[in-house]
Amino acid sequence: MGTWRALALMFRTPRRGRGAWYGLAIYLIWPLLALSTRLRFRGGEKLPRTGGVALVSNHLSFADPVTVTAFALAAGRIPRYLAKSSLWRIPVVGRVLASGGHIPVERNTAQARHAYIGAVQAIERGECVMFFPEAGFSDDTDHWPSRRVKSGVARVALETGVPVIPVVNWGTHKLLPPTARFPRLFPRKTVDILAGDPVDLSDLEGTDRETVDEATKRIMHAVTELLAGLRDEKPPATEW
């Protein structure tokens, strides 16, 4: 979409429920994103307008939460994220996260389960919760989703029964590479985001390890296939 269309879109996104600081961050960052990139959003109609939903995305860059937030807002949903708890202790960033109703994750501690409980509760309140199942950025040299994934989104989906919508990014790794300190604004980068159909988990019941593993495989397969379509390439023969 063009720059002016992207800027105008900001004023048609949902406001109620953002929180003051989260809303302010959106208004400050969105114009920068619109001016510095060419945004291409497709599949927003796949996101249900109301009710609990889990979005799951590949992870290429620190820019991903920004671009996915813009995409979800454009589709009429306010995304809530799971993020490491240390971010809540950073001035301003902590206020944005708290204001936006995001969910802190106490990594590698006995309190890590609190994030799972928080995600389930948010889903049950009818929220849109965003998951990046990869443990960090993709470690694949060709930027396909990593084999190293977390099972949290599968567990939440199996417990709550909410739809799981794959949403894939492409181009954010060129805008802000994982090793870069600042965005690479020139030449202007194109950022593609595409949402797909809900992952079919209807035949799975329970949260035992075998069932969770199968749900995780289906979710990551859906993400990889959707990304392949976006890139117009054949995905690698990976068994999740």
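Coordinate-derived values only; no laboratory data. Note that the coordinates shown come from a computational prediction; the quantities given were computed from them, not determined experimentally. FYI the Cβ positions are ideal-geometry reconstructions off the backbone, even for glycines, and counts take in every protein chain you see.
Numbers at a glance
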item: Extension gain (nm, one decimal) between R15 and R181, 0.36 nm per residue minus Cα-Cα; result: 56.7 nm
item: Kirkwood hydrodynamic radius (C-alpha pairs) into Stokes-Einstein, the stretch 69-110, 4 °C and 1.567 mPa s, D in µm²/s; result: 116 µm²/s
item: Convex hull volume of the stretch 26-147 per residue (C-alpha atoms, cubic angstrom); result: 130 Å³
item: Local net charge near A222, Cβ-Cβ under 11 Å (Lys/Arg +1, Asp/Glu -1); result: -1
item: Share, in percent, of DSSP beta bridges within the chain that are antiparallel, nearest 5; result: 20 percent
item: Fully extended contour minus Cα-Cα distance, from R188 to R147, at 0.36 nm per residue; result: 11.7 nm
item: Options A83, A25, F132, ranked by Cα towards positive dipole end of the chain, top entry (Cβ charges); result: A25
item: Debye, to nearest 20: dipole size of the chain, +1 on Lys, Arg Cβ, -1 on Asp, Glu Cβ; result: 1420 debye
item: In order through the stretch 184-190: 3J(HN,Hα) via Karplus (6.51 cos²θ - 1.76 cosθ + 1.60), integer Hz, x for Gly, Pro; result: 9, 7, 10, x, 4, 8, 9
item: Using a Förster distance of 35 Å, the FRET efficiency for W4-N108 (Cβ separation, nearest 0.05); result: 0.15
item: Relative packing of peptides 75-82, 87-94, 194-201 - highest average C-beta neighbours within 10 Å first; result: 75-82, 194-201, 87-94
item: Separation between Cα centres of the stretch 118-194 and the stretch 42-70, rounded to whole Å; result: 8 Å
item: Estimated 222 nm signal from helices in the chain, with DSSP H stretches of n ≥ 4 weighted -39500 (n - 2.57), rounded to 500; result: -11500 deg cm²/dmol
item: Cα gyration tensor category, rounded, prolate or oblate, for the chain with a/c compared to 1.5; result: rounded
item: Average Cα contact separation per residue, the stretch 98-228, under 8 Å, 6 or more apart, as relative contact order %; result: 23 percent
item: Residues whose placed amide H lies under 5 Å from that of T190, excluding near-sequence neighbours; result: R38
item: Among the listed pairs K189/K234; K46/K217; K46/K84; K189/K217; K150/K234, those beyond 26 Å (Cα-Cα); result: K46/K84; K189/K217
